[in-house]
Amino acid sequence: MDLKVIDLGNDKHLFAAKADGRGKETIPSLIDKIAEQMRSELKEPSEHIKANSQKVAELTTTNLQAYQHYFQGEQLLGKGMLADARGQFEQAVSIDSSFGLAYYRMASVVPWQGGVEQVERARRPLKKALALLDRIPARWQYSVRALDALLEDGAGAALSILSGIESSFPKDKELFYELGVYYWYIHQNSKAEEYIEKSLQIDPSFQRAGDMLLQIYFTTGEFEKTLAEGVRRLHRNPADLEARLIIADSHIILGNERTGFAEYDSVLRFARTREEILRLYTHRAGAKVFQGRFKEARQEYLEALVLNEQDSPTQKQSGYFLELCLGLLEDRLHHYDAAVRHFQQSLKFSPKTLRVYRDLGATYARMGKIALAQEIVDSILTSRAGLDHRYFNHVSGEIALAQKQYQQAIALLRKSCGEFGLQSSLYCYPLSTAYLQDDDLSAAISVLESVVKTRLTFYGLEDYQLIFYYPLSLFTLAQLYEQNNQISKAVDTYGEFLKVWKEADRDLPELVEAKSRLARLKGLANK
């Protein structure tokens, strides 16, 4: 094994290192020998080299097959192919159960913000990584502990761990990426953008950082910047699915309907797998829900379910999500019996997915079927030992709201909002209703103002929180402004709502009422 070090500035040969061995099993030790030679050539004191040397095999794995899977996982991870990367990391630990770094990577690629069951899925390999911490390189030990802090105490705790090592690793793109993501989670978006851009300066081809930058632009409402960055990426790679979808989503939110749906159609020319085509369906259906085109959205979801008829893990994941969205759509239209049927069908695809139980329980509460709603809460908390009870505060809050126990509903729903942020319209919309029923108009307005100001979303127009609750929050906020005699704000907010719903189904009661109220308010202003 040979190593040659060259100064790229002047193409000057600096030094070389060489180590010999027989068989693949000697490769880790050869790397160790070359590393020691290189450190010596760089004038590091010999006593420092001896004191601070750890063998490659001790910090990764002695099994080259396991390392090959790990390496392939890293390559896929850099391209943003998270599910494929996780599969490689799983194969690595199946071969070597002491491969701590692979366990960490398994945990890090889980979309933990997708709900409590995803948090649990991330915690399992993370516990293994923590138990093997002394077998993980020192730099990555900080990342392991930061992810653990995130899942236990939130992004602020994770930042306190990683920010202290920034000066020691000034060229570490992964560190800057992690810092950017954690700043985004606590809504410090300018800091998030700063660190993600630092990561991309080090490696412009770092796909995960590029995807994250698009998400930051999108979630902060910088849609023009989202479009510019997306177009730049498409010039480099016309088959960039993430860029195409978020460009389309941005056009829809900006009101450029024709351009947005043309961008969705363009995805079909580049989609390579059934999974990618299904993602197109969920984004396109989400755009129609956002616009109040519920009849067309329902048809999109149903067509996607037909396309999804195959026996595979992808089929189960997509099937559960499509049925969940159909349930939320019917719930939004107050078709509660249909909503329950779709939630139950969703559970057939994914019987352990807690978010479906949560939404089913909330629907039962709104139907007045309190016993069924409470049964869901009790059975889940009993069967899932150690489950964080805060996750079902939402359902308990909806139960209290249905029973007209408004103070209790406020307390429970505030706990949900406290955990997931006041931007989470899924929890904040019923909280505003509880405040209103409790005769606290100013508090109800404040909660909805937070929702419509931030538009927090992790998934663009795939995010059911954004598509189902953001327009409804706009409409209700306009009503509350009117009730509070804030006429100018009411007019502006009704106008914003009608701009979003300009293509909505004509028989929707909110649409009819918003047009009538806006016309009346404008008439009063002109008198």
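Every number here is computed from the coordinates shown, using simple stated rules; none is lab data. Source: prediction; values computed, not measured. Glycine also receives a Cβ, built like all others from the backbone with ideal geometry; neighbour counts cover every protein chain displayed.
Structural remarks
- Ratio Rg/Rh [Cα only; Rh per Kirkwood] for segment 66-199: 0.95
- Gain on full stretching of the segment that runs from E74 to D507 - 0.36 nm per residue minus C-alpha separation: 150.7 nm
- Mean Cβ count within 10 Å, highest first, over the residues of peptides 280-286, 170-176: 280-286, 170-176
- The Cα atoms of segment 250-307 give a gyration tensor whose axes a ≥ b ≥ c have a/c of 1.5 or more with a/b no greater than b/c, which makes the shape oblate.
- Equivalent ellipsoid dimensions for segment 184-295 as semi-axes, Å, which come from the Cα gyration tensor, largest first: 24, 17, 12
- Mean Cβ neighbour count within 10 Å, used as a protection proxy, ranking 67-77, 357-367 highest first: 357-367, 67-77
- For R105, R298, order by how many other beta-carbon atoms lie within 10 Å, fewest first: R298, R105
- Just so you know, the Cα atoms of segment 166-220 work out to an Rg and Dmax of 10.1, 32 Å.
- Which of S379, S318 has the fewest Cβ neighbours within 10 Å, and the rest in rising order: S379, S318
- Whether segment 132-175 is rounded, prolate or oblate, judged on the alpha carbon gyration tensor where a/c under 1.5 counts as rounded: oblate
- Counting beta carbons within 10 Å around each of S108, S442 and listing the fewest first gives the order S442, S108.
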